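Data first, discussion second: the structure below is written as structure tokens.
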Amino acid sequence: MTGHRTPPAADGSALLARLREPESDRPLILIARDGADVEVLTGTVLDVETLAEIPLHAQDGSAQEVLALVPYRQVRERGFDCHDDDAPLRCVIVSERGTLPRDEAMRLLPDAPVTLHDAGFDVSDEDYAAIVREVIADEIGRGEGANFVIRRDFTARVDADPRESALTWFRALIQQERGAYWTFAVITPGHAAVGASPEAHVSAQGGVVTMNPISGTFRHPKGGATPEGLRAFLENTKETEELFMVVDEELKMMSAVCSDGGRITGPHLKEMSRLTHTEYMLRGLSTLDPRDILRETMFAPTVTGSPMQNACAVIRRHERTARGYYSGVAALFTPAAPDAAVSHDLDAPILIRTAYLKDGALRVPVGATLVRHSDPYGEVGETHGKAAGVLGAIGAIPRDVEVDADAPTASRRLLGDDPEIAALLRSRNERLAPFWLEPQDPDETGPFSGRSAVVVDVEDRFTTMLAHQLRHLGLDARIVPWDELTDADVDEAELLVTGPGPGDPLDVATHRIARLRQVVARRLDSGAPLLAVCLSHQVLADRLGIPLAPLTRPHQGVQLRVDVFGERVSIGFYNTFTARVAPGTDRIGDTEVSADPDSGDVYALRGPGYASVQGHLESILSRDGIRTLERLVADALAPARR
């Protein structure tokens, strides 16, 4: 690397005017990140196949600035399933950039209304409600995951010039929308994307990685939001659990890319013109290449679901068409300081609340997060509200309330500063694990220092959080995917930790489940230390002769206070199936059982050389998770008999 290739600073107004000329076919990128100035960028378009090919360096080795539109289909790089529409991973290698004040941008940009024809949703309300019911019954009800985001598209035909249409919509968004993380227009030959994304998926600045999970949607009533209405939303169980689930899912990603696993701050309110969301901030340290950070975090659970790999399969089954760029990211790679540990910083908002224009066709994709107690027509209403946030701002549908562009923050401060609202937000953290809320010392010597563990990933990246906590306890923990695990790995691990995953533990026709059952049986028979979590706990119970049954109502993102071998602990649960004994049973042969005294649902098992737990001790919902994990590791290791 020979330094930085810094685009020459240009007069933003002149650059915008030049790029708006009718004969110009150069890419035009507008970004408003701070509510004040608008960045204007242009350069050379290059489509690449993989994230690794994003050209962060020129041929002479110098670092260069790149804006990349990353489509959803890039999940194939992680081996995940999707409808493949060949949407390009489009890069703009920035050669010129400038800035101009927001008011100056408003003056220069077009504002004539853009007429839409043949407008409406591609999936009817009734059909979407039916899809919601199917996902709850056939996917969540069968243990395929905790939550899934299924989209539909608002579509229309646009006869106006696409460049002028996109610029008109960008102007309307910076005037009408509030609280967006990025308001942007990315116009390249044959395609335009214009949006106001509320959510930063991932950023990496100076070695600090930040993720911003946002979930729960409060649709402002006509006339505007009030503290009373917002309080009812914040007290809603579905909305609260939805946020906790996506925080858990993003902590999995943080634990994969950050040496310190990540720390949670919040919750906060993300208030926009028509919607208010709740959000957390997750921060950790990493020296990975920003393209690797982006790959390991594809894509946000707030727009896919969890666990991520299975969410992609569920999306493939229930969405009728490919996603294009929806739920992907707009990733801006900026050369870092010369003495930085990595060459580039990264800023990557999620591509949601975005309108796409191609070949005269407008598309505004929107989705709802479906959980076990979703109301089908409530989720229909959520998609209408999200679409309206974009369509109302760009003037495609009537606006409920015109935004005063000169005082865009007044009502936000009223909601955010309300004492009862602030107290409700703070109270959410009383339920959460202090481990993830407090600074973590990655060099701390734990009680199992000098010992090692192999953690088997069964297609749920909760294993990244679990491995991080095991390292915190002093273990040298290594994660191995189930389909790469050898019998030698199983036999030679000092402690084998078989992880959670989606699916029916008795479904031996599924290769993943069959292999997990082989691994648990082999390890149990050897007498070498075994710790089994969630799905693996169920497999272990079945091997020990304890029957399994589906729960009447799945536990997905539920916190329960249960007895684990004489201690009452608060633990987070994500399970559809359970091991079950006769109420009052506390021992079966050599196995000690902790179970619900009324239902007989088994929460934990331990015996000579093994221990298991139904809950997720690594979850943010497990207030007593790290302490319980330490106890169970000790139980598994103590009687080791080879």
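The values are calculated or read from the model by the stated rules, or taken from the named source; none is laboratory data. A quick note: this is a predicted structure, and the numbers were derived from the prediction, not measured. For neighbour counting, all protein chains shown are included, and Cβ atoms are generated from backbone atoms with ideal geometry for every residue, glycine included.
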Discussion item. Can you report the number of residues in the stretch 120-149 which are surrounded by fewer than 24 Cβ atoms within 10 Å (Cβ to Cβ) and touching a Leu at 6+ places or on another chain (Cβ under 6 Å)?
Written reply: 1
Response to the item:
From the option list Asp359, Asp347, single residue qualifying as modelled with pLDDT of 90 or more, surrounded by fewer than 20 Cβ atoms within 10 Å (Cβ to Cβ), farther than 16 Å from Tyr72 by Cβ and assigned by TED's automatic domain parsing to the domain that holds Glu242 is Asp359
Practice prompt. Please work out which one of (1) over 20 Å from the mean Cα position of the chain (by Cα); (2) farther than 23 Å from Ile315 by Cα; (3) not in a strand (DSSP E or B) is the condition Ala180 fails and give its number.
Written response: (1)
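Of the residues Asp248, Asp260, which single one is assigned by TED's automatic domain parsing to the domain that holds Asp37 and surrounded by fewer than 22 Cβ atoms within 10 Å (Cβ to Cβ)?
Working: Asp248 fails: surrounded by fewer than 22 Cβ atoms within 10 Å (Cβ to Cβ).
So the residue among Asp248, Asp260 that is assigned by TED's automatic domain parsing to the domain that holds Asp37 and surrounded by fewer than 22 Cβ atoms within 10 Å (Cβ to Cβ) is Asp260.
Can you go through Met272, Met281, Met298 and tell me which one is surrounded by 24 or more Cβ atoms within 10 Å (Cβ to Cβ) and in contact (Cβ under 8 Å) with a residue 60 or more places away in the chain?
Numbers: Met272 fails: surrounded by 24 or more Cβ atoms within 10 Å (Cβ to Cβ); Met281 fails: surrounded by 24 or more Cβ atoms within 10 Å (Cβ to Cβ).
The unique qualifying residue is Met298.
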Worksheet item: Looking at the stretch 184-263, what strands (runs of 3 or more DSSP E) fall wholly within it and have at least 2 residues that are modelled with pLDDT under 90 and either closer than 19 Å to Glu430 by Cβ or among the polar types (S, T, N, Q) (or both)?
Response: 214-219
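Which one of these is among the aliphatic types (A, V, I, L, M), under 24 Å from Ser165 (Cα atoms) and modelled with pLDDT of 95 or more: Ala68, Ala119, Ala112, Ala129? Before the answer, list the steps.
Working: Ala119 fails: modelled with pLDDT of 95 or more; Ala112 fails: modelled with pLDDT of 95 or more; Ala129 fails: under 24 Å from Ser165 (Cα atoms).
When all the criteria are applied, what remains is Ala68.
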Item to complete: Check the stretch 106-116 and report whether any residue there is more than 16 Å from Ala311 (Cα to Cα), without any contact (Cβ under 8 Å) to a residue 24 or more places away in the chain and of a type outside the set (Asp, Glu).
Response: yes
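In the set Ile588, Ile626, Ile571, which member is touching a Ser or Thr at 6+ places or on another chain (Cβ under 8 Å), in contact (Cβ under 8 Å) with a residue 12 or more places away in the chain, hydrophobic (A, V, I, L, M, F, W, C) and closer than 19 Å to Leu531 by Cα?
On the way: Ile588 fails: touching a Ser or Thr at 6+ places or on another chain (Cβ under 8 Å); Ile626 fails: touching a Ser or Thr at 6+ places or on another chain (Cβ under 8 Å).
That would be Ile571, the only listed residue that is touching a Ser or Thr at 6+ places or on another chain (Cβ under 8 Å), in contact (Cβ under 8 Å) with a residue 12 or more places away in the chain, hydrophobic (A, V, I, L, M, F, W, C) and closer than 19 Å to Leu531 by Cα.
For the condition at pLDDT below 90 and assigned by TED's automatic domain parsing to the domain that holds Trp482, what is the one hit in Gly416, Gly446, Gly389, Gly450?
Numbers: Gly416 fails: assigned by TED's automatic domain parsing to the domain that holds Trp482; Gly389 fails: assigned by TED's automatic domain parsing to the domain that holds Trp482; Gly450 fails: at pLDDT below 90.
Being at pLDDT below 90 and assigned by TED's automatic domain parsing to the domain that holds Trp482 holds for just one of Gly416, Gly446, Gly389, Gly450, which is Gly446.
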Worksheet item: So how many residues does the stretch 473-490 have that are out of contact with any helix residue (DSSP H, G or I) (no Cβ under 8 Å at 6 or more places or on another chain), in a helix (DSSP H, G or I) and among the acidic types (Asp, Glu)?
Response: 1
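State all residues of the stretch 600-623 that are assigned to a loop (DSSP other than H, G, I, E, B) and either within 26 Å of Trp436 (Cα to Cα) or not assigned by TED's automatic domain parsing to the domain that holds Gly566 (or both); if no residue qualifies, say none.
So in the stretch 600-623, the residues assigned to a loop (DSSP other than H, G, I, E, B) come out as 600, 608-609, 614-615, 617-623.
Matches in the stretch 600-623: Gln614, Gly615, Leu617, Glu618, Ser619, Ile620, Leu621, Ser622, Arg623.
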Response to the item:
Subset of the stretch 465-493, residues more than 21 Å from Val539 (Cβ to Cβ) and touching a residue at least 60 places away in the same chain (Cβ under 8 Å), comes to His468, Gln469, His472, Leu473, Leu475
Practice prompt. Tell me which residues, restricted to the stretch 127-157, are over 26 Å from Val390 (Cα atoms) and part of a helix (DSSP H, G or I).
Written response: Arg133, Glu134, Val135, Ile136, Ala137, Asp138, Glu139, Ile140, Gly141, Arg142
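Restricting to the stretch 495-512, and then to whatever is closer than 26 Å to Pro447 by Cβ and without any contact (Cβ under 8 Å) to a residue 60 or more places away in the chain, can you tell me which residue is farthest from the chain's Cα centre (by Cα)?
Filtering the stretch 495-512 for residues closer than 26 Å to Pro447 by Cβ gives 495-500.
From what's left, without any contact (Cβ under 8 Å) to a residue 60 or more places away in the chain: 496-499.
On the way: Leu496: 28, Val497: 25, Thr498: 24, Gly499: 20 Å.
This residue is Leu496.
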Worksheet item: List, please: which pairs have Cβ atoms under 9 Å, are six or more places apart or on different chains, and start with a residue in the stretch 38-52 that is closer than 22 Å to Tyr181 by Cβ and end with one that is among the polar types (S, T, N, Q) and assigned to a helix (DSSP H, G or I)?
Response: Val40/Ser13; Leu51/Gln74
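Check Glu77, Glu65 and return the single one that is over 30 Å from Asn310 (Cβ atoms), among the acidic types (Asp, Glu), surrounded by 14 or more Cβ atoms within 10 Å (Cβ to Cβ) and under 31 Å from the mean Cα position of the chain (by Cα). Explain how you work it out, then say what you get.
Details: Glu77 fails: over 30 Å from Asn310 (Cβ atoms).
It is Glu65.
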Worksheet, complete the sentence: Every listed condition ((1) exposed (fewer than 15 other Cβ atoms within 10 Å of the Cβ); (2) touching a Gly at 6+ places or on another chain (Cβ under 7 Å); (3) under 20 Å from Arg291 (Cα atoms)) holds for Asp11 save (3)
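For the condition at negative phi, at pLDDT 95 or above and among the aromatic types (Phe, Trp, Tyr), what is the one hit in Phe573, Phe565? Reasoning before the result, please.
Details: Phe565 fails: at negative phi.
Every option except Phe573 fails the conditions.
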